[in-house]
1. Can you name every residue in the range 54-72 that is touching a helix residue (DSSP H, G or I) at 6+ places or on another chain (Cβ under 7 Å), assigned to a loop (DSSP other than H, G, I, E, B) and surrounded by 16 or more Cβ atoms within 10 Å (Cβ to Cβ)?
2. Please go through the range 136-184 and pick out each residue that is acidic (Asp, Glu) and more than 17 Å from Gly84 (Cα to Cα).
3. Among the residues of the range 164-185, what is the count of those that are among the charged types (D, E, K, R) and loosely packed, with under 14 Cβ neighbours inside 10 Å?
4. Given the conditions (1) in contact (Cβ under 8 Å) with a residue 40 or more places away in the chain; (2) touching a helix residue (DSSP H, G or I) at 6+ places or on another chain (Cβ under 9 Å), report the number of the one that His95 does not fulfil.
5. So Tyr99 ticks every box in (1) in contact with a strand residue (DSSP E or B) (Cβ under 9 Å, 6 or more places away or on another chain); (2) surrounded by 15 or more Cβ atoms within 10 Å (Cβ to Cβ); (3) of a type outside the set (A, V, I, L, M); (4) over 18 Å from Asp162 (Cβ atoms) but one. Which box is left unticked?
6. Checking Glu87 against (1) modelled with pLDDT under 85; (2) surrounded by 13 or more Cβ atoms within 10 Å (Cβ to Cβ); (3) not aliphatic (A, V, I, L, M), only one condition comes out false. Which one?
Amino acid sequence: MNDFVEPFQENEPYLAGQLLIAMPGMQDPRFVKTVIYMCAHNADGAMGLVVNRAMESLSFPDMLEQLGIKTGGCDDKINIHFGGPVESGRGFVLHSRDYLKDATMVVDQDVALTATVDILKAIAGGDGPQQSMLALGYSGWAPGQLDSEIMGNGWLHVDADDDLIFGGDLDGKWDRAMSKIGIDPRMLSDDVGHA
């Protein structure tokens, strides 16, 4: 007798490649009204980058100067994001898949993550990916922690799109992410089991 076993679906029920949206009652002030792109989520934990919080204290040219990278007329308008509270001195570049190197982690069919100085040099020199988002720090969860927070009414999730990941209107991303689900945030309750 042959038993048929369904193949393991790596992304199910995991959220890599999705966006997390903080619920209106989020208690942690670091995550109030945040939208987080999930780079990894599996049985070992989860990691993502906040895509709607710019760091006002550091510009891209300043960061390049601190790293000793020649700016070569790079764009002053490139934001550096607060990626999350974990390892806040570590840099990450979330980007389109037109830039792939050995150190690049492919997240899904459209997005990749690179955390090397080489991608910063490429961006500064005009040879970087078409779309990118720079972040310092990341948001991380221990095994099962994110799942518990979702069950505890802390987060919603939605399919990612280029505008929500790479778009410039940071202040409007949370509202647009909620709208994408079809939810009016004013109608949500902070209590578990209530809508």
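1. Ile69, the sole residue that qualifies.
2. Of the range 136-184, the ones acidic (Asp, Glu) are 147, 149, 159, 161-163, 169, 171, 175, 184.
Asp147, Asp159, Asp161, Asp162, Asp163, Asp169, Asp175, Asp184, listed by residue number.
3. If we filter the range 164-185 for residues that are among the charged types (D, E, K, R), which is where we start, we get 169, 171, 173, 175-176, 180, 184.
Applying the additional criterion that residues be loosely packed, with under 14 Cβ neighbours inside 10 Å yields 169, 171, 184.
Adding up the residues that qualify gives 3.
4. Result: His95 passes all but (1).
5. Result: Tyr99 passes all but (4).
6. (1)
The values are calculated or read from the model by the stated rules, or taken from the named source; none is laboratory data. It should be emphasised that the depicted structure is a prediction, and the values quoted were computed from it without experimental measurement. FYI the Cβ positions are ideal-geometry reconstructions off the backbone, even for glycines, and counts take in every protein chain you see.
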